[in-house]
Amino acid sequence: MRPLLCLLACLCLLVLLSAPAARAGAPISEATQACLDCHNEATPGIVADWKRGRMSSKTPAQALKEPEAARRVSAKSIPAKLMKVAVGCAECHTLNPKTHADTFEHGDAQVHVVVSPKDCATCHPTEEKQYGKNLMAHARGNLINNPIYMNLADQVNGVMSVKGRKVAMAKPHPASEAESCLYCHGTEVKVLGKVTREDPNFGEMSFPKLSGWPNRGVGRKNPDNSLGSCSACHTRHQFAIEMARSPYTCSECHKGPDVPVYKVYQVSKHGNIFYAMHKQWDMAKVPWTPGKDFSAPTCAACHASLLVDAAGNQIAARSHQMTDRIWVRLLGLIYSHPMPKEPETWKIKNAGGVTLATTLGGQPASKFLIGPAEQAKRKAAMAKVCGSCHSQGWVQGQFARLEQSNKDADAMVLAATRLMQEAWDQGLASGPAQGKSPFDEFIERVWTQQWLFYANSTRFASAMMGADMGVFDQGRWELGKTVLQMHDWIKIRQKK
Amino acid sequence: MRPLLCLLACLCLLVLLSAPAARAGAPISEATQACLDCHNEATPGIVADWKRGRMSSKTPAQALKEPEAARRVSAKSIPAKLMKVAVGCAECHTLNPKTHADTFEHGDAQVHVVVSPKDCATCHPTEEKQYGKNLMAHARGNLINNPIYMNLADQVNGVMSVKGRKVAMAKPHPASEAESCLYCHGTEVKVLGKVTREDPNFGEMSFPKLSGWPNRGVGRKNPDNSLGSCSACHTRHQFAIEMARSPYTCSECHKGPDVPVYKVYQVSKHGNIFYAMHKQWDMAKVPWTPGKDFSAPTCAACHASLLVDAAGNQIAARSHQMTDRIWVRLLGLIYSHPMPKEPETWKIKNAGGVTLATTLGGQPASKFLIGPAEQAKRKAAMAKVCGSCHSQGWVQGQFARLEQSNKDADAMVLAATRLMQEAWDQGLASGPAQGKSPFDEFIERVWTQQWLFYANSTRFASAMMGADMGVFDQGRWELGKTVLQMHDWIKIRQKK
Amino acid sequence: MRPLLCLLACLCLLVLLSAPAARAGAPISEATQACLDCHNEATPGIVADWKRGRMSSKTPAQALKEPEAARRVSAKSIPAKLMKVAVGCAECHTLNPKTHADTFEHGDAQVHVVVSPKDCATCHPTEEKQYGKNLMAHARGNLINNPIYMNLADQVNGVMSVKGRKVAMAKPHPASEAESCLYCHGTEVKVLGKVTREDPNFGEMSFPKLSGWPNRGVGRKNPDNSLGSCSACHTRHQFAIEMARSPYTCSECHKGPDVPVYKVYQVSKHGNIFYAMHKQWDMAKVPWTPGKDFSAPTCAACHASLLVDAAGNQIAARSHQMTDRIWVRLLGLIYSHPMPKEPETWKIKNAGGVTLATTLGGQPASKFLIGPAEQAKRKAAMAKVCGSCHSQGWVQGQFARLEQSNKDADAMVLAATRLMQEAWDQGLASGPAQGKSPFDEFIERVWTQQWLFYANSTRFASAMMGADMGVFDQGRWELGKTVLQMHDWIKIRQKK
């Protein structure tokens, strides 16, 4: 028996040892070595982090040789000078120097600070293209260019002052905006000039002075005019796929009461399986096999990853257009509605000419929204993912509940909106019809929470099966309480 | 030295390899193989998930042979035809076909969709019996049959509409109830007829059409008239004990502001030890040894698991009647009180004939509640669990604090209730005495939060030592603020 | 190839096996063995837990021999009788018996219950000394001796009663205080006498009766008159450094809405990297190398741990004076301000003679606070930590945002405070000028939340880059809503 075990031991160790062995394999370019020579000391953390990752251990040439389903690069061909070296500092930070306004002379190289989706597209063009059609790539523009949304943002970020009995509000400071809405939506990173900094080890050096920096918002406007930040999800500099696939990554932007996706996931069965069992999973396997590599979906499993069954049959295609399997928008302002046709939602106009996907009464701006056929197609694609583990009856039952929850939440928003309208009509508050912001009075903030917090929670709780978030924790309980609060507020003022 | 190390390597690998070896050991029945032949493709995720678990790797015959303390089946004998095969699809989904209204012809088998506690009792009869005495098994009936609770549920789930200045409320849609309270409490799963579905791979097939499906609420009413869902905690289809023992599982239903148990655990010392250290623990060991297998309790450790010390002496018996070591009910409506004698709490009547365990003034319905002797017995059983790691002085000190916190929270509920009564008496709101719901006005919702959210948080924070949740995060701060808010609300209305 | 693999197997196992081997090495003193003889059975959990830890596996003599950077004891010399045995029960619980009022006769030993920082200082004197200069060591006194803070605490913990239309408040019960504010700030543990307990296995035994017990608050007053509790973070009895370094530990006290540090960390990029990747990290390595041992900071990495780069150059010194790299106090009452010079903040007096670091109008009590030079020094020390992974431009950009967020939050507190003053001036509420508590009316609670919850969240969200917590989740949204709510509240009352 002993020889057999010895053999097994050897095989086992071979497997264990093969990973680091492969990692050690990618040669480092001279240019990158020059970076490392200083940055080993200047920013040791990111150097060490990069060394743990795939970028430092595989060359593009090796990556291209992997079987198609396991391949992580989508380029058919990659520039020759990149092919046989690790994807290191210089490979990314000196790409496309002329399109980068943030290119500067650093050491002997033309380096840019902000690696952009266009840079990543050198090896990952399909992902970059898909991402460009994604709502997220346009997250900045969809906020900045929409006067309603920007009015809300200004009301959130502006600083109030009180004089006598009056409350006044100043325009938000750009740093406040960058630290608030634009943290996730993305800042505009522009080169404002040059700045000289004294480094204790390396002496005086010159760098580009950037606006809106730092930022890794999903819709960031980059110095090369591209949109987005791959590192929002593919965190630098290990770029571990297990991180992009983990729900924690998505939680960074999708956790607050306005987009309570992660909060719902946390109390869902799927979430609970993830937390309890993911120690046993292979979060890095490509392609990814439900049941075998993981036993409950993370955000990526349903919305982005390439999934196959044990026999290799494809269950879902990899997509960086995250809306591919989403047929209804749950955090629409202010009602749920079919997904927009185009990712630039600021171009939508409702029946009243306002930049919203529905009217205040709930009528959808249908010509800007996908139709029933496209909805059905996306629903079927999602059902196929669910079908990895659930019967059709189960899935259709759940989808029917989501539909009802959307109806419920929409009706509760309508009830609150009617009361808001009543307050405006009665002169108890001043809204758009009076030329005022709909967000700058207490009762308007109460109304806003109805759709921005509680309706969203109720819908997401159904979509992702985390019931609690849809009931007492910012869900149906609050939807009803808010209507009653608004009614109560109007009543005592009307009596006078 | 090398031979010794080689020997060690072999032994080490032997241990590593023995688990999968054992797993591979259970033969699969012909009936289950027939299921797998299609479901490998139809629902690959759950097939793969099942293959990772114990059910696929041990036969009941093997399970019965384990030493008593390590044994996970409680049956003395198990039907012969199940004994020597893995516990697979067919073994569970074709059990007791005649008692299952959801049995249908599928392939060549009489299959039922909903595996019930009675099915699981084939191998786990003690657990099923204990669970039946558990409050959780009756969670659905305790809600549905209690007019006060159902009035609250209707107010949560009903949809409001506003006409002019009036708020009207419609009865909740069954799908809304299923997605809200009954998600955890349990739906009634009934066969409504048949439904034919077209499968892309397998053609047209007929299935039972089920009401209240999907659901895995703890008090689900099943098509075989049994109550409960084992998979609520023993998640399909790996059925991993490490998951049932992890706090994430309990969090699915016990996290919201109404039952903030998991939120308290998260900020408790016990929780913090779990999160930081459980990578090093053996969450699957049976029996479970504090300090050795794990170093801080999860929910299961205190309420359910068989615990022994390093010498094998029993610290706590396994129990699926989770109230065995609980002497006081912390989320009673509306005051804390001794645990109910019987799990069907809807049969309780207070001094006023109302289906509550106390009156609105706090007087307990003592004849329905356990007495001091039973309380002392349960308290001692819990103290023995605490005693694994804590001195008697520590434990009694903590218990005394819980008692005081309950008094504090109850007093604060009484203060709010007096103000509510004052509002009702003054005609500022309409309550039960006026033939109206106590939950359908704003001020009544404020009052409801006092006992449903904040008193519960304050009590649980003491019970589970997560102080923060009992102070500023939904605890004492809110208890006081709510009393002041109600006082303020009454004051401005009384002046008129 | 096989011999090579065998060799690799051996080496690999040698590494694997060497750790437990070392652990088994520390001899146990006779005195500790006497403890274990009973406590193996009496409190098996903590015995087993201790056995997993470093204290049971290394003698002080071995610890002293480690290279300086890796050394975890700071004493130059350790009493001879402790040197060559494991640090066991008797080694700590019988130290300094005469200074411990809680020393009692137990078995044949003079045992004390509460191991204090002075005991730990036997081997860790530098840490004890640093900790004594820490705000945390004085957390109890800073609350108890500050009349403003204690008034807030009394309003939180006191129990209200309603008679007719009046709300009265009783003084808090000591058990309530211990379970609330003092849970983290620390109780006073005093010996009140003796208590006899009957143990089922060991018969009747006598123990000291302690006030304020159990407690492990960071500023606990111990029976030997020392301050603090090392086990607040270095959890008994494994004392694992990986736990002290994990963010969960800090979350126990820093999670609620008043100190929402952990909530911010959870949605930050740093937090997300931790959750997704820490399975791969070495949380126990001393010294700790960013990028190599871990790829995102936990609380300890920025505030306490000894950090070095891959070449061994020190990035940050180990410190138990957690304020060493903090230049601005974010949870000041009620405005942000430079850190206090001395840890006993209750000695601070503002321009009005009140025990606060600023006036209600925001003027800092500068002579009690660090000046610009000390602020710059601390900021630079923190910037060096950030510099492990980030460029100077990145870091300075983030620091500038924090400064702006502090300005924003302070301005919003000022706006609310002006409205509060207006309400007091108008007689709509009664504050300090009227000889009343500023915390005992509804509108005062609303105002309190402005600085205690929302301003803190907004500032911390900037400091730790968890944007969401500073926007809709208790951040800027609530800051604005509160001002509007207070304005609305005053308006309707003024009309009369």
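Numbers below:
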| read-out | value |
| --- | --- |
| Residue-wise HN-Hα coupling along the stretch A:195-208, computed from phi with Karplus coefficients 6.51, -1.76, 1.60 (Hz; x: Gly, Pro) | 9, 9, 10, 9, 9, x, 9, 10, x, 7, 9, 10, 9, x |
| Ratio Rg/Rh, restricted to the stretch A:13-163 and using Cα atoms, in which Rh is the Kirkwood radius | 1.11 |
| Which of A:Leu369, C:Leu331 has the fewest Cβ neighbours within 10 Å, and the rest in rising order | C:Leu331, A:Leu369 |
| Per residue Cα convex hull volume in Å³ - calculated over the stretch B:399-478 | 80 |
| Cα-only Debye scattering, the stretch A:195-308: base-10 log of I(q)/I(0) at q = 0.11, 0.21, 0.22 Å⁻¹ | -0.51, -1.18, -1.26 |
| For the stretch A:328-341, 3J(HN,Hα) per residue [Karplus equation, 6.51 cos²θ - 1.76 cosθ + 1.60, θ = phi - 60°, Hz, x = Gly/Pro] | 9, 8, 8, 10, x, 10, 10, 10, 5, 6, x, 4, x, 5 |
| Neighbourhood net charge (13 Å Cβ-Cβ; Lys/Arg +1, Asp/Glu -1) for C:Arg197 | -1 |
| Shielding of B:480-493 by partner chains, average beta-carbon count, 10 Å | 6 |
| Unsatisfied cross-links (Cα-Cα over 24 Å) in the set A:Lys255/A:Lys285; A:Lys349/B:Lys163; C:Lys76/C:Lys379; A:Lys51/A:Lys269; B:Lys481/C:Lys481; B:Lys384/C:Lys279 | A:Lys255/A:Lys285; A:Lys349/B:Lys163; C:Lys76/C:Lys379; A:Lys51/A:Lys269; B:Lys384/C:Lys279 |
| Rounded to whole Hz, the Karplus (6.51, -1.76, 1.60) HN-Hα couplings of the stretch A:265-278, x for glycine and proline | 4, 4, 9, 8, 4, 4, x, 5, 5, 4, 4, 6, 10, 5 |
| Projected label distance in nm at B:Ala317 and B:Lys209, using a 7 Å step from Cα toward the beta-carbon | 4.8 |
| Centroid-to-centroid separation of the stretch A:30-70 and the stretch B:173-241 [C-alpha atoms, Å] | 49 |
| Calculated on alpha-carbon atoms, Rg and Dmax of the stretch B:257-495 in Å | 20.1, 71 |
| Contact order relative to length of chain A, as percent, for alpha carbon pairs under 8 angstrom and 6 or more apart | 12 |
| Binned Cα-Cα distances of the stretch B:325-465, short to long, each 5 Å bin given as a whole percent | 2, 10, 17, 19, 19, 14, 9, 5, 3, 2, 1, 0 |
| Per-peptide average of other Cβ atoms within 10 Å, ordering A:406-412, A:419-425 highest first | A:406-412, A:419-425 |
| Of all DSSP beta bridges in chain C, antiparallel share, percent nearest 5 | 90 |
| Footprinting exposure proxy for C:Arg71, B:Arg52 (fewest neighbouring C-beta atoms within 10 Å first) | C:Arg71, B:Arg52 |
| Where N is the number of residues in the protein assembly as shown, Cα Rg divided by 2.2 N^0.38 Å | 0.90 |
| Inter-site label distance for B:Asp282 and B:Ser430 at 7 Å from Cα along Cβ, in nm | 6.5 |
| Viscosity 1.306 mPa s, 10 °C: Kirkwood-radius Stokes-Einstein D of the stretch C:268-382 over Cα pairs, µm²/s | 99 |
| Quarter of Cα convex hull surface for chain A, i.e. mean projection, nm² | 29.8 |
| 5 angstrom amide H check on A:Ser29, placed H, neighbours 5+ away | A:Ala86 |
| Equivalent-ellipsoid semi-axes of the stretch C:260-329, from the Cα gyration tensor, Å, largest first | 19, 18, 9 |
| Within the protein assembly as shown, helix-based [θ] at 222 nm, where runs of 4 or more DSSP H residues each add -39,500 (n - 2.57), nearest 500 | -12500 deg cm²/dmol |
| Percent of beta bridges antiparallel (DSSP, the stretch A:257-495, rounded to nearest 5) | 75 |
| Averaged over A:386-396, number of beta-carbon atoms from partner chains that fall within 10 Å | 6 |
| C-alpha center-to-center spacing [the stretch A:82-147, the stretch C:268-294] in angstrom | 27 |
| Translational diffusion coefficient (Stokes-Einstein; Kirkwood radius from C-alpha pairs) of the stretch B:93-232 at 20 °C, 1.002 mPa s, in µm²/s | 128 |
| Residues whose placed amide H lies under 5 Å from that of B:Leu369, excluding near-sequence neighbours | B:Lys341 |
| Other copies of B:Asp425: label-to-label distances in nm, shortest first, labels 7 Å along the beta-carbon direction | 3.9, 3.9 |
| Cβ-derived FRET efficiency at R0 41 Å, B:Ala170 paired with A:Asn145, nearest 0.05 | 0.55 |
| Exercise: per-residue mean of other protein chain Cβ atoms within 10 Å, B:260-271 | 3 |
| Paired Rg and Dmax values of the stretch B:223-269, which use every Cα atom, in angstrom | 13.0, 43 |
| For B:Val195, residues with placed amide H under 5 Å, excluding near neighbours | B:Phe207, B:Lys209 |
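Read the figures in this text as sums done on the coordinates, not as results from a lab. Because the structure is a prediction, the values reported are computed rather than measured. Virtual Cβ from ideal backbone geometry, glycine too; neighbours counted across all protein chains shown.
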